[in-house]
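The values are calculated or read from the model by the stated rules, or taken from the named source; none is laboratory data. Please read these numbers as outputs of a predicted model, since none were measured by experiment. Heads up, the Cβs are rebuilt from the backbone with ideal geometry, glycines too, and the neighbour counts pull from every protein chain shown.
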Ligand SMILES: Nc1ncnc2c1ncn2[C@@H]1O[C@H](COP(=O)(O)OP(=O)(O)O)[C@@H](O)[C@H]1O
Ligand SMILES: [Mg+2]
């Protein structure tokens, strides 16, 4: 039976693991971020004092923490979905543990505790690209965009080479480290490509960054080009400091001014063309591989 749960009287301190909590071989230091599906903590390995980032599976719509830190389903109906999501979260960890690349967050280990799952990652110091853009502390130059996105695309290519697609590339999932060195985070939506078996998973859609095939759940049309739309949209959002109009709206009536027009004279035409190419509404009209998009950028760096 699910335990009594009333969101109105739920103690605030149960929302997150408190500083000092010991979990596996780590001590929680503080919470770094929380979203609808998980919480991320800064923690320290007890033995050698190395700092790590730990991501905890805690889908707020389905489950909550109780007095002894155990995570339990909110009600009987949520239980199956919670368990299903927990398995997928574990898959995210396993995929990541095998994907080593300088632009991809490094998974050190993963473990089950408190009836949920934890992913231990190398802690990287940086600022989210979304925050960086919002704060407008720096001028978004061609040089900045090429530095960040060329390195990011190397990581994305690695994912594709392993027959996966990330499916949630957006500025909020890109950490910018010193030297404008990007790190791709959040493999919560990762999927095998081509998909081996049709799995029931909750659809992750990021408005403005996910292309139509993803929004409409046309899984058979999902591929590397799906990530490339998100990369194009991320670059564009850096240039105009807001998320582009959603692909679903664009499909009805495309109000997105092509980058070649909107940013004319601010950036080289070849670069703007490459962004427009990546953001084509129809999947087949986009670059089909990271290589193709990088080549379009390459023309620039070589010019
Ligand atoms: N390895 C890490 N090092 C530093 N910060 C991290 C790390 N992983 C996650 N974060 C921080 O936590 C936030 C949420 O992580 P993310 O994996 O995107 O989870 P969610 O699924 O909740 O969006 C990130 O935007 C980032 O600020
Ligand atoms: Mg995220």
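Computed values, structure above
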item: Test for residue 124: is it within 11 Å of ligand 1 (Cβ to nearest atom), assigned to a loop (DSSP other than H, G, I, E, B), within 16 Å of the chain's Cα centre (by Cα) and modelled with pLDDT of 95 or more; result: yes
item: Filter result for residue 196 (modelled with pLDDT under 90, out of contact with any helix residue (DSSP H, G or I) (no Cβ under 9 Å at 6 or more places or on another chain) and assigned to a loop (DSSP other than H, G, I, E, B)); result: yes
item: Residues that are surrounded by 19 or more Cβ atoms within 10 Å (Cβ to Cβ) and in contact (Cβ under 8 Å) with a residue 24 or more places away in the chain, drawn from the stretch 53-71; result: 53, 54, 55, 56, 57, 58, 59, 63, 64, 65, 71
item: Cross-chain or 6+ apart pairs with Cβ under 8 Å, the stretch 1-21 first and over 19 Å from residue 59 (Cβ atoms), then part of a loop (DSSP other than H, G, I, E, B) and at pLDDT 85 or above; result: 21/69
item: Residue in the stretch 69-86 that is under 24 Å from the mean Cα position of the chain (by Cα) and under 18 Å from residue 185 (Cβ atoms) present; result: no
item: Residue within the stretch 130-139 that is in contact with a helix residue (DSSP H, G or I) (Cβ under 7 Å, 6 or more places away or on another chain) and within 16 Å of ligand 1 (Cβ to nearest atom) present; result: yes
item: Pick from the stretch 160-176, criterion more than 15 Å from ligand 1 (Cβ to nearest atom) and in contact (Cβ under 8 Å) with a residue 40 or more places away in the chain, ranking: farthest from residue 237 (Cα to Cα); result: 162
item: Residue in the stretch 181-193 that is modelled with the lowest pLDDT, counting only those that are in a loop (DSSP other than H, G, I, E, B) and within 16 Å of ligand 1 (Cβ to nearest atom); result: 188
item: Spans of helices (runs of 4 or more DSSP H) in the stretch 200-303 with at least 1 residues farther than 20 Å from residue 163 by Cβ and over 20 Å from the mean Cα position of the chain (by Cα); result: 224-240, 247-252, 259-262, 269-278, 290-302
